[in-house]
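Report on one structure; see the data block that follows.
The values are calculated or read from the model by the stated rules, or taken from the named source; none is laboratory data. Fair warning: this is a prediction, and the values are worked out from it, not measured in the lab. Because the Cβ atoms are built from the backbone with ideal geometry, glycine has one as well, and the counts that use them run over all protein chains shown.
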Amino acid sequence: MPELPEVETVVRGLRASLPGCRIVDVRLGKTDFIENPVSLVEHLPGTRIAGISRLGKFVCVELIREGPAFNSDPRIFLLIHLGMTGQLTTRNPADAVAPHTHGFFSLDDGRELRYTDIRRFGRIFLVPESLLPAFRGRLGAEPLDIGEAEFNARLGSRRARIKALLLDQSVLRGLGNIYADESLFRARIHPARLGSRLTPRQLRALYRAIRQTLATAIRLRGSSISDYVDSNGNRGEFQLRHRVYQREGKPCVRCGATIRRVVVAGRSSFFCPHCQTVPRKRRTRSLAPTK
């Protein structure tokens, strides 16, 4: 599933070429993953793309509706979640159409913005400007913007496994399985350790590991493991830097121990048993009954 670095890479590519363009036509294929597809066909044509940003794992397209009828409420936002196999690319109309392309957004410069999704686990919907703050408020903090004190408060006080906390989009937005595992390895923390059992030193190491891992992944345009490509159809390179993710049975790049896999929070978690020691269970002493 595309995570923060992959979505950020797509956003940066689209931001370089789409702002200022107008959407002149919308054609949709399968629409079971689109919330109110009729609204896209009715409201998008004629809008001008004012900006592209990222909200966690969502691509956020800011659109301006022009004309006297929209003076009081000119802005709407097209939110796109790539799901597991979604791709958002700009193409020429004459380019071959990839299988499972379900969205065609024709632009006034002759190009098309296409949405392709094999498994259709993505989401597309429109949000008026008045409701965007409420949507943003349901998401957690941005990992690249959050301060260390807030990070510690969000994770260090929770009696939940740290891997589950990193995947919880209401805690931190944008992290997924790949970058949670890679960050925990770099911080030497086992994925099953409780957030409340992390020491201040471990929290500081995890905070720095997350930021460094995400920054490097963005620089390398994300991880192309399955279907992910950027807005130009190019694969990322960070998968070549993975140290534990999907490396079960291979030697640890740090110590040589064999990478293992365990299920935490319902997800496969890859870790080094030597560098990320298993948390010890706390023993409770039984008390003899009083007479």
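Scanning segment 235-255 for residues that are surrounded by fewer than 18 Cβ atoms within 10 Å (Cβ to Cβ), in contact (Cβ under 8 Å) with a residue 12 or more places away in the chain and more than 30 Å from residue 89 (Cα to Cα) yields 248, 254, 255. If I filter segment 112-128 for residues that are more than 21 Å from the chain's Cα centre (by Cα) and either polar (S, T, N, Q) or in a loop (DSSP other than H, G, I, E, B) (or both), do I get at least one hit? No, there is no match, as no residue in segment 112-128 is more than 21 Å from the chain's Cα centre (by Cα) and either polar (S, T, N, Q) or in a loop (DSSP other than H, G, I, E, B) (or both).
Somewhere in segment 134-150, is a residue in a helix (DSSP H, G or I) and within 19 Å of residue 7 (Cα to Cα)? Yes, segment 134-150 contains at least one residue that is in a helix (DSSP H, G or I) and within 19 Å of residue 7 (Cα to Cα). Identify the residue in segment 204-234 that is outside any loop (DSSP other than H, G, I, E, B) and among the basic types (Lys, Arg) and, among all such residues, is surrounded by the fewest Cβ atoms within 10 Å (Cβ to Cβ). Of everything passing the filter in segment 204-234, 219 is surrounded by the fewest Cβ atoms within 10 Å (Cβ to Cβ).
I'd like to know if segment 64-73 contains one or more residues that are of a type outside the set (Lys, Arg) and crowded, with 18+ Cβ neighbours inside 10 Å. The answer is no; no qualifying residue exists. The combined condition, being modelled with pLDDT under 95, surrounded by 14 or more Cβ atoms within 10 Å (Cβ to Cβ) and either of a type in the set (Lys, Arg) or in contact with a strand residue (DSSP E or B) (Cβ under 9 Å, 6 or more places away or on another chain) (or both), is fulfilled by residue 85.
Of everything in segment 256-277, what is among the aliphatic types (A, V, I, L, M), surrounded by 13 or more Cβ atoms within 10 Å (Cβ to Cβ) and either modelled with pLDDT under 95 or assigned to a strand (DSSP E or B) (or both)? Give them in sequence order. Hits for segment 256-277 are 262, 264, 265.
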